[in-house]
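**Q** The structure's right below; bear with me while I get my questions together.
No lab work stands behind these numbers, since they all come straight from the coordinates. A quick note: this is a predicted structure, and the numbers were derived from the prediction, not measured. Don't worry about glycine lacking a Cβ; one is built from the backbone with ideal geometry, like all the others, and counts go over all protein chains shown.
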Amino acid sequence: MWEILPSPPAPEFPIGVMGLGEIGRPVATLLAGMGYQVSGWSRSPKDLEGINCFHGDKQLSAFIKQIQVLVCLLPLTDETEGILDLSLFKQLEQPGWLINVARGNHLVDEDLIYALDRNILEGAWLDVFSE
C-alpha cells in the first residue's frame, strides 16, 4: 500500500543528486527551481546554475555531509557499483533519506537494512533492485 507523505518545506530540506548527466541534470535543475537547496555530485566537474556542484572522489564526503536526501541517478560503472553503502549513509545530515532510481547494484542491500534498522536512515525509496 502506498502512503502519500506531506512535502517538507523546501528551504529546510537539502537534496543531493548523484549523477549530473542526461537524467540527473534536469532533475537537479527542477528541484532547485522548486526552491530546494540542491547540490550535485558527478565524476567530472559541472557548472549548473543554482546547483552547488561537487565532483570526484575527493569531494564526495563534502557533498554528502550537507544533504538530507540523496537521489542516485548515476550510471553503473566499476567505480559506482556499491557506492550507496553504510559509510555514505552515516555521513548524511540527519534525518537522512535515500532515493535510488538508477541501478540496483549501486546499493549494498545489507548496509541499507542496517541503516534503516539503526535509524541512520529515516527511509528509502527504491525504484530498482540488485535482484
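**Q** Based on what the data block shows, is Ile83 under 20 Å from Glu12 (Cα atoms), under 11 Å from the mean Cα position of the chain (by Cα) and of a type in the set (A, V, I, L, M, F, W, C)?
**A** Criteria not met by Ile83.
**Q** If you go through the range 48-57 one residue at a time, do you hit one that is β-branched (Val, Ile, Thr), under 23 Å from Thr29 (Cα atoms) and touching a Pro at 6+ places or on another chain (Cβ under 9 Å)?
**A** No, every residue in the range 48-57 fails to be β-branched (Val, Ile, Thr), under 23 Å from Thr29 (Cα atoms) and touching a Pro at 6+ places or on another chain (Cβ under 9 Å).
**Q** Follow-up question, since we're still on this one. Give the residue that is nearest to Gly24 (Cα to Cα), with candidates limited to residues of the range 104-118 that are in a helix (DSSP H, G or I) and in contact with a strand residue (DSSP E or B) (Cβ under 7 Å, 6 or more places away or on another chain).
**A** Checked the range 104-118; the qualifying residue nearest to Gly24 (Cα to Cα) is His106.
**Q** Which pairs turn up if I take residues in the range 119-131 that are assigned to a strand (DSSP E or B) and look for partners that are of a type in the set (S, T, N, Q) and surrounded by 15 or more Cβ atoms within 10 Å (Cβ to Cβ) with beta carbon separation below 7 Å, at least 6 apart in sequence or on another chain?
**A** These pairs meet every condition: Leu126/Asn100.
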